[in-house]
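The structure appears below as structure tokens.
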Number of protein chains: 2
Amino acid sequence: MNVQNLKGFRDFLPKEAKKRQYVIDKIRGVFESYGFEPLETPSLEYAEILKGKYGEEEKLIYDFKTRGGDEVALRYDQTVPLARVVAQYQNEFPVPFKRYQIQNVWRGENTQKGRYREFLQCDADIVGTSSLMADAEIIALIFAIYKALGINVTIKINDRKNLENLDKKIVSAIDKLGKIGESAVLSEMTEKGMDADEAKKVLSKLSGKPKTEDIEKIFEFIKKMGIDSPKVKYEPTLARGLDYYTGIIFETVTDGKSGSLCSGGRYDNLIGMFANKNFPAVGFGLGFDRTVEAMDKLGLFPADLEVTKVLVTENDSKSLEIANELRSKGVNTEIWLDAETDLGKKIKYAEKKQIPYIIKFLPEPTLINMKTEEKTTDWNQILKILRK
Amino acid sequence: MNVQNLKGFRDFLPKEAKKRQYVIDKIRGVFESYGFEPLETPSLEYAEILKGKYGEEEKLIYDFKTRGGDEVALRYDQTVPLARVVAQYQNEFPVPFKRYQIQNVWRGENTQKGRYREFLQCDADIVGTSSLMADAEIIALIFAIYKALGINVTIKINDRKNLENLDKKIVSAIDKLGKIGESAVLSEMTEKGMDADEAKKVLSKLSGKPKTEDIEKIFEFIKKMGIDSPKVKYEPTLARGLDYYTGIIFETVTDGKSGSLCSGGRYDNLIGMFANKNFPAVGFGLGFDRTVEAMDKLGLFPADLEVTKVLVTENDSKSLEIANELRSKGVNTEIWLDAETDLGKKIKYAEKKQIPYIIKFLPEPTLINMKTEEKTTDWNQILKILRK
């Protein structure tokens, strides 16, 4: 038996899992501070719900037939399931419906490119209003999230209407401008059938386009929301890959990290594919892995992400009593469970688990700081230190 | 297109999703208060990892072949992935390794019996020690969880050694004693080839078995941990279905709800099937749905599980400023985003979302309690009410 995790899939051991939980809690807190409510959808959907929604990428969907004969597919993003949910329960929601969703998605990506096949997405969307105030709130929400995490970001925005007379293929070439640069984009445009001079003209004309009326309004709204406008950059060549956008589109970048941390836009027609009426919508998906990587790189995780605060090194009645008292006061406490009595082993355990304090009996209970080796026997002092 | 969730799978709309999040947060808090650390494993494993581990139930595994040709299977429980992880990274963990895991599992259950095919499990296990102190801590942990949730529980415990001379089929019949009663168990025992008199004798002998030495010790330890022993009931006929248990086994029940909320035991040989050395282990899995159902039935969810605390009914500069200030003070705040100006619609929205307060401009900002219609214009008072 090959005792390995599946290729392209990851185990998150405690150290990593704690970081992830930290980021999830922060993001959830900001979502809720703006009145977004949680939604969970199943990991599996009827395959037909997903098919025909993702263009070329459809081949990356994990689909299969169950023993019961159902054609099913693993969640590929959180937007299509949202559209299905809005259509299915359309009279049960308050409108506008502001929902967030933090679940895994699965894509059969090429692992040689360092891509994962299962990854977490954090989405927030506002469904049921075409007010540009909603678009502005989405932008404000993204800034609030990255502020809470400590990452400086810039949001590039554009209006899909700037691109509406261009062929899809040409748009997908232009979309690569930030990644591959102007000359490579120009040659891709010509490969896709456009005359070289024409390509140059199109790109230059696009680059010079002034802000649309909608973009002007959004800038006005986010200013009112207290966002520095230099942090939001109008970029008329920003294109975004997905077909379904109809209005504002945006990407979030941070210094020293290529690619987008988080992106989205307005998509007023997608939900109508599922429901019998139109539901204008705007929202974004946050790339969780990229965000965690950026935080790691910038050293933004608190040093004390430890779960256990103190290890009581014995397990007699007195130790158990102390552990109970500490836990009841909100201190994450371990007692030594193993039959092993060697203190060195216990200390190694505490070190490996990054437990910052131990309580030893000398013979009265003594708190020892694992780093400074400072000792305390005053119980009130011990409580004060551990509850910090 | 059939715009429906897949049969046997569930959408959790905000009201339900908030309850679930409330329970998860509580459980996570208790796990961490005992020093258990989070682990995440992939949803998909190589199918061979799962095969041959679940006996008859193996046919319920969701397995399929990916386009890349891998034979894969969706997580069926969290114990086998734990065993795989311990084997794969065995030198990276502190020992004992105390991990918790809160993830979905998938089983192709018969939906006509009201069973779900995707459901959340909350597991905690202690790996790497055969100390009975670990078994006792697992029992104490379960009590601490249900205490935090407000559910009164009784834990029935037994020692698998009481059953070790009995045939597997007979054990699985005896396992149903709590569900189907003595006479039905006796007839199942005879169906499985045991003489009727012999069956009676076996059952009566088992019922009268005194506590084993290990059970005695566990009772002694949990008493030291501050647990009332009437809450833990020795039940020599308790059997548990799974083959892999080797020592203590237990189930958690609550008044007025049939079946077990949470169950587990000691399994000293399972991880050895993956690793080259033996890892004794003890742990449990908590049935999340049953726990949420029990809480619903007992009315244990706080009335104010609302996400949004206040809706600011306008979206002009002053409103946005107020919303920013409230959010910065930790108050979950919405502003009215839609172009709709009818106040009645805004109030309906607040009602539908169970938002307890609104701020209206009359013309100065006025907090209105949605239930009592009490009004406040004093800003300090407003902050005090909203931050409660």
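What dipole magnitude, in Debye to the nearest 20, does chain B give about its Cα centre under +1 on Lys/Arg Cβ and -1 on Asp/Glu Cβ?
520
Nearest 5 percent is fine: what portion of the DSSP beta bridges confined to the protein assembly as shown is antiparallel?
Numbers: 94 of 116 bridges.
Close to 80 percent.
Once the Cβ-Cβ distance between residue A:169 and residue A:223 is put in as r, and R0 is 56 Å, what FRET efficiency do you end up with, to the nearest 0.05? Please list the in-between numbers first.
Working: r = 36 Å, r/R0 = 0.65.
Calculated value: 0.95.
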- Message: With an 8 Å Cα cut-off and a minimum separation of 6 or more residues, compute the relative contact order for the stretch A:186-314 in percent.
- Response: 13
- Note on the structure: Once both label points are put 7 Å beyond Cα along the C-beta direction, the residue A:364-residue B:214 separation in nm becomes 4.1
- Message: Please compute the modelled spin-label separation between residue B:348 and residue A:328, points set 7 Å along Cα→Cβ, answer in nm with one decimal.
- Response: 5.2
- Query: Got the residue A:196 label distances to the other copies yet, label 7 Å along Cα→Cβ, in nm, shortest first?
  - Reply: 9.8
- In whole Å, largest first, the alpha carbons of the stretch A:310-387 cover along the principal axes 29, 28, 23
- In A, who owns the beta-carbon nearest the axis carrying A over to B, and how many Å from it? A:64, 2
- For the stretch B:1-157, take the alpha-carbon Rg, divide it by the Kirkwood Rh, and send me Rg/Rh. 0.99
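Calculate the FRET efficiency for residue A:316 and residue A:183 from the Cβ-Cβ distance with a Förster distance of 51 Å, rounded to the nearest 0.05. Please report the intermediate quantities before stating the final value.
Values: r = 75 Å, r/R0 = 1.46.
Efficiency for this residue pair is about 0.10.
Give the percent of DSSP beta bridges with both residues in the stretch A:310-387 that are antiparallel, rounded to the nearest 5.
Numbers: 7 of 13 bridges.
Percentage antiparallel, nearest 5: 55.
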- Place the label 7 angstrom along Cα→C-beta at residue B:92 and in each other copy, then list the distances from the first to the rest in nm, shortest first. 4.0
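Using r as the Cβ-Cβ distance of residue A:92 and residue A:195, and R0 as 45 Å, what FRET efficiency do you calculate, to the nearest 0.05? Don't skip to the answer; put the middle values down first.
Values: r = 53 Å, r/R0 = 1.18.
My answer for the efficiency is 0.25.
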- Given the C-alpha centroids of the stretch B:192-232 and the stretch B:327-388, what is the distance between them in whole angstrom? 59
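Given charges of +1 on the Cβ of Lys and Arg and -1 on the Cβ of Asp and Glu, with all other atoms neutral, how large is the dipole of the stretch A:1-95 about its Cα centre, in debye to the nearest 20? Write out the running numbers ahead of the final one.
On the way: 15 positive and 16 negative charges, 110 e Å.
Rounded to the nearest 20 debye, it is 520 debye.
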- Message: What are the ³J(HN,Hα) couplings of the stretch B:67-80, residue after residue, when phi is run through the Karplus curve with 6.51, -1.76, 1.60 and θ = phi - 60°? Round to Hz, x for glycine and proline.
- Response: 4, x, x, 7, 8, 10, 8, 6, 3, 9, 8, 10, 7, 5
- State, to one decimal in nm and shortest first, how far the label point of residue A:59 sits from each corresponding label point in the other identical copies (label point: 7 angstrom along Cα-to-Cβ). 3.8
- Item | About the Cα centre, charge dipole magnitude for the stretch B:310-386 (Lys/Arg +1, Asp/Glu -1 at Cβ), debye | 300
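Rule-based calculations on the coordinates, nothing more; no lab input. This one's a predicted model, so the numbers in the text were calculated from it and none came from an experiment. A quick note on method: Cβ atoms are made from the backbone with ideal geometry, for glycine too, and the neighbour counts reach across all protein chains shown.
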